[in-house]
Structures are given as structure tokens and as C-alpha cells.
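The values are calculated or read from the model by the stated rules, or taken from the named source; none is laboratory data. Because the structure is predicted, anything quoted here is derived from the model rather than measured. A quick note on method: Cβ atoms are made from the backbone with ideal geometry, for glycine too, and the neighbour counts reach across all protein chains shown.
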Amino acid sequence: MNTSDNQFDIVISGAGAIGLISALLLAPHGVKIALIDPKPLKVLTKVDDTRNIALMQSSLNLLKHLGIFDAFYKLSRPLEKLRIVDATNRLLRAPEVEFTAQELGLNYFALNVPMGAILKTLAAQLPQHKNVNCLFGTQITDIKQQADQLDFTLANGKNISGKLLIGADGRNSFARQSASIKTTTKKYPQIALGFAFKHTRDLGNISVEFHRRNGPFTLIPMQNLNDGSQTSLVWSETAEKSEQIKDLPKNELAALIEKITQGIVGKVTEIGYIAAFPLTNINSETYAKSRTILVGEAAHILPPIGAQGMNLGFQDAAIATELVIDAFNMNADIGSDDIMKKYNQQRKLDIHARGKATDMLNVSLMSNFLPMQMARGLGLFALQKSTNLRTSIMKKALSPLGVTPKSML
Ligand SMILES: Cc1cc2nc3c(=O)[nH]c(=O)nc-3n(C[C@H](O)[C@H](O)[C@H](O)COP(=O)(O)OP(=O)(O)OC[C@H]3O[C@@H](n4cnc5c(N)ncnc54)[C@H](O)[C@@H]3O)c2cc1C
């Protein structure tokens, strides 16, 4: 590598979905990018868990902007309705509420896409962009801040530099730690089990969320198979119970799912790999500092309730890249304090509001406090009765709060 081979405009650490999206949004604008991930290319797109992601309208708009929507559509199942069923078995049971995309004039709210398919489809776009230098199988081990750039040492012994670091390196972000950005953490007493299963009765394009005492049990239909239907499940339970569920013989687990789902999926015929995710709400005190912008789970981790995490990450990437490209096109410093300040201002409201909403839903389900149960029940009752309230809540859930980046309109 000669000196210019080592100098980049932007270094992106982490090639998960949000790092990949960031690279694809930046690439057409002629910026020189280094995309770094400790995983070698072969394993980058492999995921153990059978997690599925509901990508909302604004995220789908971003895929359209990138010209890759059709590739996603082929792999997905559209979600037209969301049904909430109170299965808490408490004295005060809330009525069933159904949100329909039609009430918003849409064909569907979201597309449900397997995580592995998201990574594969995004990574397949990289070879088209010669200005994205993929440094896979290595990672940043040291970052030195200079007046007008960051100098990086990599685990493979290489030294590179860049004007800006986009930290997309997930929950234990090295980028975040290097920029001395602190986090606040709220741990919940639950584990979310995420897995797919096959069954005999199709759900239709409806996601059904059973609200149970220990958290939601959410069914999200997946694309139909030739030999039947499959659904992904995110099931929050206490740590102790989730261990027991994971250890159940498959036939007993199948019977339990059939019982909880009250017959709507018919017979459960096959259960996929069960991944366990401790429920936490982690938020960074700032999302940008010292030439470092945090995106995705490097910036915030939400419990997998309400399908928010990756959608928020798409919004981070869209806002960050638009600010950076505007500065780049004006020959301004893309890592300036001004950019850091603007990014932080533009992301704060959205990330805080979604973190709070997820927290409130989870806490209200777990609570034995009667007024809290009443408030949740009344809220759902009001939602059942009022179309205006339902459409207003749906609009808030589907689009970013505050600034909507142009690429998501
Ligand atoms: C069960 C479950 C269901 C979910 N469902 C939904 C949903 O329906 N809708 C939704 O919006 N969200 C959902 N989410 C959240 C979503 O999965 C995450 O928000 C998203 O995958 C985070 O992507 P990321 O790229 O930020 O992080 P990651 O996927 O963690 O990627 C981080 C990348 O950084 C790399 N890395 C690690 N360390 C370093 C380092 N030091 N240097 C460089 N690279 C590094 C890793 O190898 C990895 O490739 C769900 C989550 C769970 C657990």
C-alpha cells in the first residue's frame, strides 16, 4: 500500500446491516471508504439465529433509494395487519386491537425479511463500488485523534487514516469506547427467545402479538415455503423460564406453542435454532463526538419489542450520510464538530422516544401494580375504539420522529 492507499475519507467499522447500508449510501458520492469487520467475508453474512426483521415503510424507502428494494421484496412477507391480544390472564384484560395498513392507505406496514437474507443482499452490492475498500478479517486496535483526521492501527499491522469514523460495530462498540462516549444501561429481568418454526395453518399477512405477563410473544409470518408455512417468533420470558423453554424436547415445545397461539398456527411441525437475547435498553450519552459518528447498535440497543432496532439504525445511517455528503460536496471538513453537533441533535428525539415507548410497553406488561395495568388496558381500549388514535399511533411507529432524511421520504 502506498500512502494514498492508506488514506480514506471515511472509515466504517462494522459490516453488519447498518455498516453495510452506510457504505452503500456513501459510495455513489465518490468518497473513499474503508469498511472494516473482524469477520472474514465468508462468515460475514452467516447468522446462527433465525431472526427476522420487520422493515418499516421508511426503511423500505431507503432500499428503493438504493435501487435494491425488489431484491428484498422477493425474500420477504408483507405485513398488512398487526393484532394485539391480551393474554396476561389478569383481572383487568384489555380488548383485542387490530391495526391495519389499509387504515393508512398502505398495502402493508412492513416487509418481514430474514436477517441472513438482509446481510447477503446488502453485501452483494459491494463489488459494484470500487471506492469501498473491504478490510475484512481484521479490526481497529488503536485510534489516535489528530487535528484534522484519525489515525488507525489495525490488528493485521496496517495503519490507515480517515477524516471520519462511522462506528457501526455493534453492542460492544470499540469506536464508542475510543471516543470516550458513555452509555446508560437498563437491564430487564427477561430473555427474548428468537426462532422460526414451520406449521400447518397459515397466519395470513398478519403479525399477532400476545401480551403475556412476562412480556410479548410475537408471531411474524415469513415467506411461504413450498411445503407449508413458517413463522418467526420473538418470545420474552423471565430468565429462568426461557432456560426451561430452550431445554424442552422439541415435541413438548411444539405443543406449548400450539397452546399459547390458541390454534391459529395449526400444528407446529419443525422448530429452528433458538437464539437467546437478554433484554436491555442501552443508550449512548451522545451519538457523535471526536470525528466519530455512532450508528445502529453501537449507538443504542432496544429490546426486540415493536420491531424498532434496525429501523432506527437505517435512520441513523441515512441522516449521518446525508450530513456527511453535504459537507463533502462543499469541500468542508466531514468530521467537524459542527457535523457531530447536527447529527446528535437530529437523532436524539427519535432514539429517546422509541427507547421510552419500548420501555413503557415492557414495564406495563410485567407490572403487578393495578393502576399500571389499568392504564395499559384503557390505552388499548381507546385504541380499539378510535380509528384516529390508531392511525396517529401507526404513523408515529412507522416514520422517524424529527428530521426525516430525504432518502427515506
Ligand atoms: C430477536 C430479535 C428480533 C429483532 N427484530 C427486529 C425487527 O423486527 N425490526 C427491527 O428494526 N429490528 C429488530 N431487531 C434489532 C436488529 O436485529 C438490530 O438492531 C440490528 O441487527 C443491529 O445491526 P448493527 O449492524 O447495528 O449491529 P450488528 O448486527 O451487531 O453488526 C455489528 C458488526 O460489527 C462487527 N464488529 C464487532 N466488533 C467490531 C470491531 N471491534 N470492529 C469492527 N467491526 C466489529 C460485527 O462483526 C458485526 O458484523 C431484532 C433483534 C433481535 C435480537
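At a glance:
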{"item": "The range 62-80 - residue that is in contact with a Phe, Trp or Tyr (Cβ under 7 Å, 6 or more places away or on another chain) and surrounded by fewer than 20 Cβ atoms within 10 Å (Cβ to Cβ) and, of those, nearest to Met408 (Cα to Cα)", "result": "Pro78"}
{"item": "Residues being within 13 Å of the ligand (Cβ to nearest atom), crowded, with 22+ Cβ neighbours inside 10 Å and not small (Gly, Ala, Ser) - total across the range 155-180", "result": "4"}
{"item": "Top-ranked residue in the range 38-70 [being over 21 Å from Leu312 (Cα atoms), within 12 Å of the ligand (Cβ to nearest atom) and not hydrophobic (A, V, I, L, M, F, W, C); ranked as farthest from the chain's Cα centre (by Cα)]", "result": "Pro40"}
{"item": "Qualifying residue in the range 15-30 (condition: away from the ligand (no atom under 16 Å from the Cβ), closer than 25 Å to Glu297 by Cα, modelled with pLDDT of 90 or more and surrounded by 19 or more Cβ atoms within 10 Å (Cβ to Cβ))", "result": "yes"}
{"item": "The listed residue being in contact (Cβ under 8 Å) with a residue 12 or more places away in the chain, surrounded by 15 or more Cβ atoms within 10 Å (Cβ to Cβ), within 12 Å of the ligand (Cβ to nearest atom) and part of a strand (DSSP E or B), out of Ser236, Ser229", "result": "Ser236"}
{"item": "Complete set of residues in the range 102-122 that are in contact (Cβ under 8 Å) with a residue 40 or more places away in the chain and under 21 Å from Ile84 (Cβ atoms)", "result": "Glu103, Leu104, Leu106, Tyr108, Phe109, Ala110, Leu111, Asn112"}
{"item": "Residue list for the range 199-215, filter: more than 22 Å from Phe277 (Cβ to Cβ) and either of a type in the set (A, V, I, L, M, F, W, C) or surrounded by 19 or more Cβ atoms within 10 Å (Cβ to Cβ) (or both)", "result": "His199, Leu203, Ile206"}
{"item": "Cross-chain or 6+ apart pairs with Cβ under 6 Å, the range 347-370 first and under 22 Å from Val85 (Cβ atoms), then modelled with pLDDT under 75 and not in a helix (DSSP H, G or I)", "result": "Thr358/Gly306"}
